[in-house]
Amino acid sequence: MEKISIKQAAKWLLDNDDFLILTHKRPDGDTVGSAGALARALRKLGKRSFLYENSEITDKYMPFAQGFFAEEGFEQKKIISVDIASLSQFPLGGEKYRESVDLCIDHHMSNSGFAERICLYDTASCGEIVFDIIMELAGSMDKDTADCIYTAVSTDTGCFAYANTTANTFRVAGQAVELGADLPRLNKILFRTKTKRRADFDGYAYSNMRYYYDGRMGVNIITMDLRKEMGLTEDDLDDVASIPTGIEGVVAGITIKEQPDGCKISVRTVGDVNANNICAAFGGGGHRQAAGCFIEGSVNEAEEKLIEAVGKELR
């Protein structure tokens, strides 16, 4: 793996063509927004650029990808991944590209180094890196591309409320707005609109939160039966991981989502508590205050393991 700079990444993109861009499993606003922005910018430069058709993109984020999925018969020459930190995060059906990624653009310092070359910076969002690459490539961007960038940057920082937010995050978001990103519309869609199902779930989550270590650890469990009973979609569950740390005194917030083969874990922390350390114990990773992993077994088994792991971090 060769680590390259933003300028080197831009040059590589100019020197090549016929790109297929991959987003990660259970895609969020950062991976979809970053991929959509890059695809649009490359097309503006006359490049053939498509997104891999990730079947898990939700209705909320689909507008940023729609119309850019690879057309039938397209044969990519170069593969790019955005916001993918490890082989386990490749999208459903996209596992065949695990050994073929030519350029990885990522902001997770725990990146496993699966690509031939990587453009890696410790930023709050992948969108910040993609923005700088596009500006190096073209010097500007159109409104739709700016919308994608704002979506990427704002969603990965909880609308700039998370501790990962930096001055650079505001710089990129501000420039995206100057370039046409529709701030009121995007904020309404992304942060200020809840389905009735989500409103009902929020009430359930706060009422059924489990606390440990004198209230410093909060656990939110979402079973498959609960999802079915409440009719919850992936859009309804967007950013549920932030709920536990919104409660006074909670410095380690754990969200356990039951899956058919185990449990998907999201960890959010406050202050000196390191989420990456907690998830690393289970083969996962991410950032200091936002990380994830997968634990085999039931939700109760996963909870027991996490209580022990968080206890080690809280000491």
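Listing for the model above:
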| read-out | value |
| --- | --- |
| Search result, residues across the stretch 41-73 that are among the hydrophobic types (A, V, I, L, M, F, W, C) and either under 15 Å from Arg26 (Cα atoms) or at pLDDT 95 or above (or both) | Ala41, Leu42, Leu45, Phe50, Leu51, Ile57, Met62, Phe64, Ala65, Phe68, Phe69 |
| Residue list for the stretch 234-259, restricted to those being in a loop (DSSP other than H, G, I, E, B) and either at pLDDT 95 or above or open to solvent by less than 10 Å² (accessible area, probe 1.4 Å) (or both) | Asp236, Leu237, Ile243, Ile247, Glu248, Gly249, Val250, Val251 |
| Filtered residues of the stretch 180-205 (kept if more than 23 Å from Lys228 (Cβ to Cβ), open to solvent by less than 40 Å² (accessible area, probe 1.4 Å) and in a helix (DSSP H, G or I)) | Leu186, Asn187, Leu190 |
| Matching residues in the stretch 292-315 - criterion: being free of Cβ contacts under 8 Å to residues at least 60 places away in the same chain and either more than 14 Å from Ile256 (Cβ to Cβ) or part of a helix (DSSP H, G or I) (or both) | Asn300, Glu301, Ala302, Glu304, Lys305, Glu308, Ala309, Lys312, Arg315 |
| Single unsatisfied condition, Phe64 versus (1) in contact with a strand residue (DSSP E or B) (Cβ under 9 Å, 6 or more places away or on another chain); (2) among the aromatic types (Phe, Trp, Tyr); (3) in contact (Cβ under 8 Å) with a residue 60 or more places away in the chain | (1) |
| From Cys159, Cys148, residue being surrounded by 14 or more Cβ atoms within 10 Å (Cβ to Cβ) and on the phi > 0 side of the Ramachandran plot | Cys159 |
| Residues that are open to solvent by 10 Å² or more (accessible area, probe 1.4 Å), of a type outside the set (Lys, Arg) and closer than 23 Å to Asn16 by Cα, drawn from the stretch 116-138 | Glu116, Leu120, Tyr121, Asp132, Met135, Glu136, Leu137, Ala138 |
| Subset of the stretch 265-311 that is of a type in the set (Lys, Arg) and at pLDDT 95 or above - its residue that is surrounded by the fewest Cβ atoms within 10 Å (Cβ to Cβ) | Lys305 |
| Selection count where residues are in a strand (DSSP E or B) and either among the hydroxyl-bearing types (Ser, Thr, Tyr) or within 13 Å of Ala152 (Cα to Cα) (or both), scope the stretch 21-66 | 1 |
| Filter result for the condition that a residue is farther than 20 Å from Ala37 by Cα, modelled with pLDDT of 95 or more and assigned to a loop (DSSP other than H, G, I, E, B), over Ser100, Ser110 | Ser100 |
| Test result for Ala85, small (Gly, Ala, Ser), surrounded by 15 or more Cβ atoms within 10 Å (Cβ to Cβ) and assigned to a loop (DSSP other than H, G, I, E, B) | yes |
| Search result, residues across the stretch 131-168 that are closer than 17 Å to His108 by Cα, among the hydrophobic types (A, V, I, L, M, F, W, C) and at pLDDT below 95 | Ala163 |
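Yes/no per residue for (1) crowded, with 23+ Cβ neighbours inside 10 Å; (2) aliphatic (A, V, I, L, M); (3) in contact with a helix residue (DSSP H, G or I) (Cβ under 6 Å, 6 or more places away or on another chain):
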{"position": "Glu2", "(1), (2), (3)": "no, no, no"}
{"position": "Trp12", "(1), (2), (3)": "no, no, no"}
{"position": "Asp17", "(1), (2), (3)": "no, no, no"}
{"position": "Thr31", "(1), (2), (3)": "yes, no, no"}
{"position": "Gly36", "(1), (2), (3)": "yes, no, yes"}
{"position": "Arg43", "(1), (2), (3)": "no, no, no"}
{"position": "Arg48", "(1), (2), (3)": "no, no, no"}
{"position": "Ser55", "(1), (2), (3)": "no, no, no"}
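The values are calculated or read from the model by the stated rules, or taken from the named source; none is laboratory data. Note that the structure is predicted; figures quoted are calculated from it, not measured. Positions of Cβ are generated from backbone atoms using ideal geometry, with glycine treated the same way; all protein chains shown enter the neighbour counts. Just the protein is used for accessible areas: all its heavy atoms, side chains included, with ligands, DNA and RNA removed. Shrake-Rupley method; radii C 1.70, N 1.55, O 1.52, S 1.80 Å.
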